[in-house]
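Worksheet for the structure shown next.
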Amino acid sequence: MSKKIKDENGNVYIKKKPFYKRIWFWILVVIVIIFASSQMGKGSSDNTKSSSSSSSSASSSSKSTTGLTKANFDKIALSDSTGTSEKDVKAMFKKTPSSTDTQTIDNVSANMYTWSGIDGGDIASAIVVGFENGHAISKDITGIKVTRSNKITLAQFNAIQNGASKTDIQKQFGDPNGYDLTNIGGQSSEMWSYTSGVNGDVGANFNITFTNGVVSGKTQVSMK
């Protein structure tokens, strides 16, 4: 409300209230505060949704998108009569093989199926399974990523003795980057491949062959 004031000379003038004392000003302030609070709440909600979405995406990406895992590879039983069936292996891996061919393994003709790109593996990783009469008789996995604290030297490789157990080798060198197993006519063999953390020229690697669970042979390339 305005107020009339007379000065000492008899002049009359109107003195207006300061804007901050007017009702409309405080109504406007309240409206601004309410609007700002609603926007902050919305932003917080959006951030929460975004964070939740990111967490969900991260969780989803951490899960296997295919069945091409070391765990499923280990589930494949090998035998020309009771080995895991071709149908079951394909269902477990959840995708069509990248390639197929026929190979001879220990004088046995086998249908070979290759699946490229194992989960968590390197760019050249793959799983190959061989079948005879519809049953798995061989399986091979390559490209498993393994980090080693120390490089494996040629001297250590040369010290490997026939008869050493798989447990002894695993304790000394860690997990291999690949496994190759066969079971034909009741005779089984297994080979471990080491391709990472190997001291030597580019591409240095070595393989260890096991028969009946103990070392029966070894080969190396470019180690130092």
Segment 136-199: trypsin sites (Lys or Arg not before Pro) in DSSP loop, at most 12 other beta carbons within 10 Å | 145
Contour minus end-to-end for residue 31 and residue 70, with contour as 0.36 nm per residue of separation and end-to-end as the Cα-Cα distance?
-> 7.9 nm
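Which values, in whole Å and largest first, are the semi-axes of the equivalent ellipsoid of segment 67-224 obtained as the square root of 5 times each eigenvalue of the Cα gyration tensor? Present the calculation step by step, with values, prior to reporting the outcome.
Working: eigenvalues 154, 68, 33 Å².
Working through the eigenvalues yields semi-axes of 28, 18, 13 Å.
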Calculate one ³J(HN,Hα) per residue across segment 177-190 by plugging θ = phi - 60° into the Karplus curve 6.51 cos²θ - 1.76 cosθ + 1.60, and present them in order as whole Hz with x for glycine and proline.
-> 8, x, 10, 9, 10, 9, 8, 10, x, x, 9, 10, 8, 8
When Lys and Arg each count +1 and Asp and Glu each count -1, what net charge do the other residues less than 13 Å away from residue 109, Cβ to Cβ, add up to?
-> -4
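Leaving out ligands and nucleic acids, and using a 1.4 Å probe, what accessible area per residue does segment 71-224 come to in Å²? Walk me through the numbers on the way to the answer.
Working: 8000 Å² over 154 residues.
The answer is 52 Å² per residue.
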Counting only residues 5 or more apart in sequence or on a different chain, those whose built amide H sits under 5 Å from that of residue 68 are 119
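How large a share of the accessible area of segment 75-218, in percent, is made up of carbon and sulfur atoms when the probe is 1.4 Å and the other protein chains stay in place?
Values: 3370 of 7420 Å².
So the carbon and sulfur contribution to the accessible surface is 45 percent.
The values are calculated or read from the model by the stated rules, or taken from the named source; none is laboratory data. None of the values given here were measured: they were computed from a predicted structure. Glycine also receives a Cβ, built like all others from the backbone with ideal geometry; neighbour counts cover every protein chain displayed. Ligands, DNA and RNA are stripped out before the accessible areas are found, and what is left, the full protein with its side chains, is counted by its heavy atoms. Shrake-Rupley method; radii C 1.70, N 1.55, O 1.52, S 1.80 Å.
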